[in-house]
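In what follows, a single structure is set out as C-alpha cells and then discussed.
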Amino acid sequence: MLNSALLGKPPFEEFQLPTQIVMAACTGSRPKLATANDELQNLIQQCWAQNAAHRPTMKKVVQVLENWLS
C-alpha cells in the first residue's frame, strides 16, 4: 500500500485481470518500486518478502514511518 501511495497508482496496473495479478505475486513478481529514500524502499521490499516470517512487524513499520515523517 505504501508503494502504491508513493507512486500514486495501483500495483500491477499493466494487468487487466485479477488472476494475472495473483499469478504475478505468487511467482515472486513485484510492482515497480517507488522512488523514495533508502529506508522507505528497504521497508517496502521487506514487506514484499515471499515468506511472511521475513516481513517486518507492524511495530517496525510504524517506527520507520515515524522516522520518515519527523
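Numbers below:
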| quantity | calculated |
| --- | --- |
| Derived scalar couplings ³J(HN,Hα) [the stretch 34-39; Karplus, 6.51 cos²θ - 1.76 cosθ + 1.60; whole Hz; x for Gly, Pro] | 5, 6, 7, 5, 4, 5 |
| Calculated on alpha-carbon atoms, Rg and Dmax of the chain in Å | 13.0, 39 |
| Protein accessible area in the chain, 1.4 Å probe - carbon and sulfur % | 58 percent |
| Residue of 33, 43, 17 that the Gaussian network model of the chain assigns the largest fluctuation, springs spanning Cα pairs under 10 Å | 17 |
| The chain, relative contact order in percent, only Cα pairs under 8 angstrom and at least six apart counted | 26 percent |
| Karplus (6.51, -1.76, 1.60) ³J(HN,Hα), θ = phi - 60°, over the stretch 62-67, in Hz, Gly and Pro reported as x | 4, 4, 5, 5, 5, 4 |
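The values are calculated or read from the model by the stated rules, or taken from the named source; none is laboratory data. This structure is a prediction, so every number in the text was calculated from the model and none was measured. Each accessible area value is taken on the protein alone, full model and side chains, heavy atoms only, with ligands, DNA and RNA left out. Shrake-Rupley method; radii C 1.70, N 1.55, O 1.52, S 1.80 Å.
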